[in-house]
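Here the structure is laid out as structure tokens; the discussion comes afterwards.
Rule-based calculations on the coordinates, nothing more; no lab input. Keep in mind the model is a prediction, meaning the values are calculated, not measured. When we count neighbours, we look across all protein chains shown, and the Cβ atoms used for this are built from the backbone with ideal geometry, even at glycine.
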Amino acid sequence: MRSVEWCLSRRRVIDLWRRDGTGDVVRVPFECGSWRCPACRPWVASLDYARISKALQDGRRWVYAVLTVDPTKAHNDRSSVWTEASSWWNQRLRKSLARRYGRIAYVQTWEQHKTGRPHMNVVLTGLGLLQRIDAMGERPSRRQMADRRSRRILRWRAELRHLVMQSGYGAVLWVEPLWTEAGVQDNAALAGYLVKAGKGLGLGAARELSTPGAKDQTPLVAPPGFRRMRASRGTLEPRYRTGGEYTGALAWKDSPFPTRLQIDGLEECKLLKIHEIMTCYRNHLRNGLPIPRELVRLVRRYGYQEKEGQR
């Protein structure tokens, strides 16, 4: 990907300046912050670990599951398998769970099997879902699990497998509760999940993500733009916070530092509405002012809308 290439080659930089117009321009190296990038991957893993740990320690009970892809449904084009498996969750399984159990909160991560096929780790919670699990009888299972919570989960797993296979996923399914028999969250089990399921969510797993090898399950064969980690709305904190003291723009490493006139023009472009773009562009041409690169980009992107409006 282009951003990863820029990050590794160090050909791109970010010019930063204060929003209030004081101080000098500061140039810092560009970092892509992508899980695909070998340089940024450990930092992304640590950030994901912190966000998910905070989300799962909110006092609610969570259920951990692993969903796989049926090998018979795998295509020769590996990237299409990832796109299709992602759509099964968004368009089918997530909606089926919501119809049956009501509102569902979830956090999911995607990993790559040695064959190149995807599998998904997901933790789920919801009032209706937990009530359904609690209502399951105490009939002992074949595997004679150690406590009642696991017996109920095993019975609910058959119900979940039906929804999973209807959505397109494979029959191989793992389900595990992340709370104790007393009904409280088990911190040890939670930490074990983060390291085991995340492959980039825990501190030990960060080393697996950053070190190539047979056990590396980073989904590198996934198509560009594929989101390795996803969550329901409001479950995770935002990855980045905006509105800070500094703002800036992307630049080439060997390019000259921007002048104050260029910075003012760039800040003006950031505040433009679509119908004001061409007016601003003409004013720059009429007054002989240097045209900011951001304004050129906006004209190329939105200028056609003015032509269509004049027809």
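Below is a table of values for the structure above.
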read-out	value
Ranked list, fewest to most other Cβ atoms within 10 Å of each Cβ, for M120, M278	M278, M120
Spacing of the two label points (7 Å from each Cα toward its C-beta) at R241 and V172, in nm	4.3
Per-peptide average of other Cβ atoms within 10 Å, ordering 251-258, 127-134 highest first	127-134, 251-258
Assigned charges on the beta-carbon of Lys, Arg, Asp, Glu; segment 35-110 dipole about Cα centre (debye)	360
Residue-span extension gain [R155 to L47] - 0.36 nm each, minus C-alpha spacing	35.4 nm
